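Trainee: Below is one structure. I have some questions about it.
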Amino acid sequence: MNVLIVDDEAPARDRLRQLLEDGGEHVVVGEAGNGREALELAGKLNPDVVLLDIRMPGLDGVETAHHLNSFDTPPAVVFTTAYDEYAIDAFDANAIGYVLKPVRKERLDKALAQAARLGHNVLGEVARQSGIAEQRQHVCARLQGELKLIPVSEVHYFLADQKYVCVAHKNGRDLIDDSLKSLEDEFADTFVRIHRAALVAVSSIGSLQKTEDGRTRVQLRDPGPDNNNGDDLFISRRHLTDVKRRLRKG
């Protein structure tokens with residue numbers, strides 16, 4: 001198999017490369033020192049497997065795996081980690097491949113043989129059980145084959161758009177593959193549903209405005225240059241009470 005090695009520590013990458021090259025069964029197609037670089041290389045190199053360190057600055061391993069899943073043909077993922085009983089229990093419970101540092105060849109060979117592609121729901125469950133990461137810090141859009149990471153802190157709202165979701169953020173608008181329901185579950189502490197097709201960041205809501213026909217509309221605090229608040233941001237009656245409660249709560 002073609003393998004991409006991802007670790008923020010060069011000695012750890014060297015160790016994995018040596019083990020793989022000594023075995024002669026797999027080909028190391030590249031190395032990355034962080035999650036963002038891993039996504040860029042994976043998009044160019046199309047590895048079969050990514051050996052992915054969990055604890056890295058910036059994008060950690062679990063979030064990087066989430067974004068790898070957005071590829072047309074996602075690579076399999078094997079996590080590498082120093083011992084953490086909560087993480088190991090979570091991996092075992094969800095049948096996720098991992099190797100402990102310092103990595104031993106026998107364990108690495110076994111993990112590669114069992115490497116599997118991981119769904120978003122499985123990764124989310126592992127994150128919750130292990131405490132590795134409660135939620136992603138970015139959502140991922142694909143633009144002409146390139147990956148674009150959008151900080152969740154810069155998102156104004158998510159709007160269902162046929163089979164995609166439009167994400168409106170401070171620098172524009174993009175389409176992502178995540179479902180609105182999965183986004184609502186993951187970001188429930190910072191976003192509120194205003195109608196069946198829209199989630200709005202509570203921090204982005206500037207005011208609620210009554211229209212002449214009696215409906216209530218969300219006015220964004222700072223919509224940005226490419227967003228004139230022209231989308232359907234009316235609050236349905238069934239969600240109005242919850243929106244007001246979330247605004248009072250802050």
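Trainee: Under 7 Å between Cβ atoms, which residue pairs at least 6 apart in sequence (or on different chains) link something in segment 185-213 that is outside the structural domain of residue 169 (by TED's automatic domain parsing) and within 21 Å of residue 170 (Cβ to Cβ) with a partner that is among the aromatic types (Phe, Trp, Tyr) and buried (at least 21 other Cβ atoms within 10 Å of the Cβ)?
Mentor: none
Trainee: If you take just the strands (runs of 3 or more DSSP E) that sit entirely in segment 1-64, which of them hold at least 2 residues that are in contact with a Phe, Trp or Tyr (Cβ under 8 Å, 6 or more places away or on another chain) and closer than 23 Å to residue 104 by Cβ?
Mentor: 49-53
Trainee: Same structure again: When you go through 138, 169 one by one, which is the residue that is under 26 Å from residue 77 (Cβ atoms) and touching a Pro at 6+ places or on another chain (Cβ under 9 Å)?
Mentor: 138
Trainee: Further, regarding this structure: Is there a residue being in contact with a Phe, Trp or Tyr (Cβ under 6 Å, 6 or more places away or on another chain), outside the structural domain of residue 41 (by TED's automatic domain parsing) and modelled with pLDDT under 95 anywhere in segment 147-158?
Mentor: No: segment 147-158 contains no residue that is in contact with a Phe, Trp or Tyr (Cβ under 6 Å, 6 or more places away or on another chain), outside the structural domain of residue 41 (by TED's automatic domain parsing) and modelled with pLDDT under 95.
Trainee: Criterion first (surrounded by fewer than 16 Cβ atoms within 10 Å (Cβ to Cβ), within 23 Å of the chain's Cα centre (by Cα) and assigned to a helix (DSSP H, G or I)) does residue 92 satisfy it?
Mentor: Here the answer is yes, as residue 92 does meet what is asked.
Trainee: Which ones in segment 1-18 are more than 15 Å from residue 79 (Cα to Cα), at pLDDT 95 or above and aliphatic (A, V, I, L, M)?
Mentor: Within segment 1-18, 10 is the sole residue that qualifies.
Trainee: Counting just the residues of segment 117-145 that are modelled with pLDDT under 70 and aliphatic (A, V, I, L, M), which one comes out nearest to residue 191 (Cα to Cα)?
Mentor: 133
The values are calculated or read from the model by the stated rules, or taken from the named source; none is laboratory data. A quick note: this is a predicted structure, and the numbers were derived from the prediction, not measured. Methodologically, a virtual Cβ is constructed for each residue, glycine included, from the backbone with ideal geometry; neighbour enumeration extends over all protein chains shown.
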